[in-house]
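> Below is a structure I'd like to ask you about.
The values are calculated or read from the model by the stated rules, or taken from the named source; none is laboratory data. This is a predicted model, so every value here is computed, not measured. So basically every Cβ, Gly included, is an ideal-geometry build from the backbone, and we count neighbours across all protein chains shown.
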């Protein structure tokens, strides 16, 4: 018996995003670029937040007479977050180094076409009429807005 995919809302959101990324970026080159951009944007955001938190902590140390009400985030929370974000940034840097190796890989146009073909199988368009009919048959879930539940 095959294992059914998890149906919790977090997993369902992941599956939808996973399939969307395959549909919208179905080639090897597009996946390389998408992953590179994703890592870079994550690193940029983590670095900026880290810098901001470090600056805020430094300002607090220089101006120790701030009241508790003026501190939206406690010093302990900032210190803990800085430690975690420094680890995340180190991991992202490692991933970036590995991604550079992936960028050394090139595939032919024929292989890119194979990627597109397989992408359509892995993540078919959820709004395709055939897919909607199959979903209704297999899952008995309403897939048309005008369909009424018979509960």
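> Looking at (1) touching a helix residue (DSSP H, G or I) at 6+ places or on another chain (Cβ under 9 Å); (2) free of Cβ contacts under 8 Å to residues at least 24 places away in the same chain; (3) within 29 Å of residue 127 (Cα to Cα), which is the one condition that is false for residue 117?
(1)
> Can you spot a residue in the range 74-84 that is within 23 Å of the chain's Cα centre (by Cα) and loosely packed, with under 14 Cβ neighbours inside 10 Å?
Within the range 74-84, one or more residues are within 23 Å of the chain's Cα centre (by Cα) and loosely packed, with under 14 Cβ neighbours inside 10 Å.
> Given the options 13, 55, name the one that is exposed (fewer than 13 other Cβ atoms within 10 Å of the Cβ), under 13 Å from the mean Cα position of the chain (by Cα) and in a helix (DSSP H, G or I).
Step by step, each of 13, 55 is checked, and only 13 is exposed (fewer than 13 other Cβ atoms within 10 Å of the Cβ), under 13 Å from the mean Cα position of the chain (by Cα) and in a helix (DSSP H, G or I).
> Next question, about the same structure. Go through the range 19-38 and give me each residue that's under 13 Å from the mean Cα position of the chain (by Cα) and exposed (fewer than 12 other Cβ atoms within 10 Å of the Cβ).
37
> Check off (1) modelled with pLDDT of 90 or more; (2) farther than 19 Å from residue 119 by Cα for residue 4 and give me the number that stays unchecked.
With (1) modelled with pLDDT of 90 or more; (2) farther than 19 Å from residue 119 by Cα applied to residue 4, the lone miss is (1).
> Still on this structure: Assess whether residue 108 counts as being exposed (fewer than 10 other Cβ atoms within 10 Å of the Cβ), farther than 30 Å from residue 47 by Cβ and modelled with pLDDT under 90.
no
> Against the definition (under 30 Å from residue 123 (Cβ atoms) and in contact with a helix residue (DSSP H, G or I) (Cβ under 7 Å, 6 or more places away or on another chain)), how does residue 17 come out, yes or no?
no
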